[in-house]
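Visitor: Would you mind keeping the following structure in view while I ask a few things?
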Amino acid sequence: MPLIEHLGELRKRITISLTALLIAFMVAFNYSEELFRSIMFPLKYNLSFSMENPFISIIPQEKLSQTTKLVFLAPAEAFWMSMKVSFVAALVLALPVIFHQLWKFISPGLLVREKKYVFPFVISATGLFVAGALFCFFMVLPFAMGFLLTYKLGDVLMPMLSVGLYVDFCLKFILAFGAVFELPIVIIFLARMGIVTAKTLAKNRKYAVLAAFILAAILTPTPDIFNQTLMAIPIIILYEVGILVSRIFVRGKTTDAS
């Protein structure tokens, strides 16, 4: 396709994606109050795992909920908080459409047998993003809040968070983890294109560990090593998963070619 046609196709896919995002935002904004109550979970509760039934239970963080107060410091801060929470919820709702439009944009460059992977791609890409967001929301954020807001807490210091800063902190973490969980998809795509191989990725594992901590330092909204480690460990695990799955897909590509 000529460059002008490529740009026209890109504009079409972006327009459809933005339309889906706008519709999802209008729906999510009607539930902004419920969404905000949900995002308070890391401040109030924590997940507990057990070998006996019930295997997973929700435990209130009494110390944290009693000592931490949310306030807003500007007249429009609470309103913008609702807008941000609604936008992120809308983004998650619109992900299947966005990933489908992404696939439609790149599909002209794929082989006929590769175009049949559209639904596995959309489902797996959406599922990985949602899995990363849920992992962050239920596992990482409660642990991070419990550690950061009670570290050396005493009579001198009392946490009083701005609602805008708290929501920004949570949403940045959620979006970052959702994006990071797409790593296996990226590795599989690069392997299918022949840009990288599973053997090369495994050989350079030590550099991947270093890159994981550098990427975590860039994506996490705080400069402390604690939160960076919480993100770096899943990146390393996902890197290993990407190597394992790319071997299967590349083997399947070799079989198709023969």
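Visitor: Quick check on the range 69-105: of everything there that is charged (D, E, K, R) and over 30 Å from E5 (Cα atoms), which residue is surrounded by the most Cβ atoms within 10 Å (Cβ to Cβ)?
Guide: In this case the residue turns out to be K84.
Visitor: Counting only residues that are among the β-branched types (V, I, T), under 29 Å from T19 (Cα atoms) and under 14 Å from the mean Cα position of the chain (by Cα), give me the helices (runs of 4 or more DSSP H) lying completely in the range 68-150 with at least 2 of them.
Guide: Counting at least 2 such residues, we get 77-106, 118-135.
Visitor: With the checklist (1) farther than 30 Å from L161 by Cβ; (2) at pLDDT 85 or above in hand, flag the one item S107 doesn't pass.
Guide: (2)
Visitor: Take the conditions within 24 Å of the chain's Cα centre (by Cα), farther than 25 Å from F99 by Cβ, modelled with pLDDT of 75 or more and in a helix (DSSP H, G or I) and apply them to L201. Does it pass?
Guide: When the stated conditions are applied, L201 does not pass them.
Visitor: In the range 176-186, is there at least one residue being at pLDDT 80 or above, part of a loop (DSSP other than H, G, I, E, B) and hydrophobic (A, V, I, L, M, F, W, C)?
Guide: yes
The values are calculated or read from the model by the stated rules, or taken from the named source; none is laboratory data. What you see is a predicted model, and the numbers here were worked out from it, not measured in a lab. Using ideal geometry, Cβ is built from the backbone for each residue, glycine included, and neighbour counts are taken over all protein chains shown.
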